[in-house]
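A short worksheet on the structure shown next.
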Amino acid sequence: MSAEAHDSTHYIKHHLQNLAYGKLPAGYVREDGQALTQDTWTIAHTAKEAKDMGFLAFHIDSLGFSVGLMLALMILFRSVATRISTGVPSGMQNFVEMIIEFVDGAVRGSFTSRNNLVAPLALTIFLWVFCMNLMDLLPIDWLPGLATMLGVPFLKVVPSTDPNVTFGMSLSVFALVLYYSVKMKGAGGFFSELAFQPFPKYMFPVNLLLEGVGLIAKPISLALRLFGNMYAGEMIFILIALMFSGGVALAVFGGVLQWAWAVFHILVITLQAFIFMTLTIVYLDMAHQEHH
């Protein structure tokens, strides 16, 4: 492998690695040659250390940015709510009201039952996913470069490119779907819905298999759709950024490509947030409906 290819590979891997905090076992030899004398919770300094920490490692960057963005949204909406006026509204009040009306229209169009939780949940999901996706429009090297200068080995700034985040959200939605399915139909009714359709009752093993797979596929597809689209978008930004090290001509061409992809990516960012919200509403609506 040439030095240029090696540098490119290292650059890509560095930008795709989360800042992991987890436990390394006693006797583990770290990158600097230090051998741990006991089980140690620490920050991974290499991708190998992050991998060796296993499933229980925490992605500090994903957690930090996702929680920080949610807190920022809460502060913003609270500040607008405390200053709301019946007279001439401010620009921010108009913006917030427009988003609420948009989400309310989506809920009214897709949710046919009555549940006071659905609209606030849909609003939270749409804004949260949108803000996490929006982080992808920041220049790819700004925050990771600053983190490196401060001694932080890795930093991924787009939480929705982390499958742990997207699966956490989708599994939370799935838990609500199961809860309302049992609450509205009863445990027996929910099981009957899975076991006795679409084929005749004597084919209930086939029905149970088909409906069970369809039920489990909901959170998986919900998580992977968001993760896949955002991960691909981030990868394209990283590949375009590599062009800036290839000379003036490639740098100018890369700048044009980066601007064009950012403009197009705004649509992707908004669409993915809308799809996640809409599917959540639809799945909850299905959980409230009783099939005969």
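Being in a helix (DSSP H, G or I), free of Cβ contacts under 8 Å to residues at least 24 places away in the same chain, on the phi < 0 side of the Ramachandran plot and acidic (Asp, Glu) narrows it down to one residue among GLU97, GLU31, GLU49; which is it?
Just a single option satisfies the conditions, and that option is GLU97.
Which of the following residues is in contact with an Asp or Glu (Cβ under 8 Å, 6 or more places away or on another chain), under 22 Å from THR278 (Cβ atoms) and in a helix (DSSP H, G or I): PHE227, PHE167, PHE174?
Only one candidate qualifies: PHE227.
Applying the selection to the range 52-62, what residues are under 17 Å from PHE167 (Cβ atoms), of a type outside the set (D, E, K, R) and in contact (Cβ under 8 Å) with a residue 40 or more places away in the chain?
HIS59, SER62
Condition check: at pLDDT 95 or above and in a helix (DSSP H, G or I). Does PHE191 satisfy that?
Against the criterion (at pLDDT 95 or above and in a helix (DSSP H, G or I)), PHE191 does not qualify.
Select, from PHE274, PHE227, the only residue that is of a type outside the set (D, E, K, R), out of contact with any strand residue (DSSP E or B) (no Cβ under 7 Å at 6 or more places or on another chain), under 23 Å from ALA119 (Cβ atoms) and at pLDDT 90 or above.
PHE274
Any idea which residue in the range 216-235 is farthest from TYR179 (Cα to Cα), counting only those that are of a type in the set (A, V, I, L, M, F, W, C) and surrounded by fewer than 17 Cβ atoms within 10 Å (Cβ to Cβ)?
For the range 216-235, the residue satisfying everything is MET235.
Taking interchain pairs and intrachain pairs at least six residues apart, which have beta carbon atoms under 8 angstrom, with the first residue in the range 119-133 and within 18 Å of GLY109 (Cβ to Cβ) and the second among the polar types (S, T, N, Q) and buried (at least 22 other Cβ atoms within 10 Å of the Cβ)?
Hits for this filter: LEU121/THR280; ALA122/THR280; ILE125/THR280.
Tell me whether the range 44-60 contains one or more residues that are surrounded by 12 or more Cβ atoms within 10 Å (Cβ to Cβ), over 25 Å from ILE236 (Cβ atoms) and among the aromatic types (Phe, Trp, Tyr).
yes
Within the range 263-285, take every residue that is surrounded by fewer than 17 Cβ atoms within 10 Å (Cβ to Cβ) and of a type outside the set (Phe, Trp, Tyr) and give me the one that is nearest to LEU127 (Cα to Cα).
Among residues in the range 263-285 that are surrounded by fewer than 17 Cβ atoms within 10 Å (Cβ to Cβ) and of a type outside the set (Phe, Trp, Tyr), the one nearest to LEU127 (Cα to Cα) is THR270.
Suppose we filter LEU56, LEU76, LEU63 for residues that are among the aliphatic types (A, V, I, L, M) and outside any helix (DSSP H, G or I); which single one remains?
LEU56
So, in the range 184-211, exactly how many residues are of a type in the set (D, E, K, R) and surrounded by fewer than 13 Cβ atoms within 10 Å (Cβ to Cβ)?
1
The values are calculated or read from the model by the stated rules, or taken from the named source; none is laboratory data. Just so we're clear, the structure is a prediction, and the values are computed from it rather than from any experiment. With ideal geometry, Cβ positions are generated from the backbone for all residues, glycine too; neighbour counts draw on all protein chains shown.
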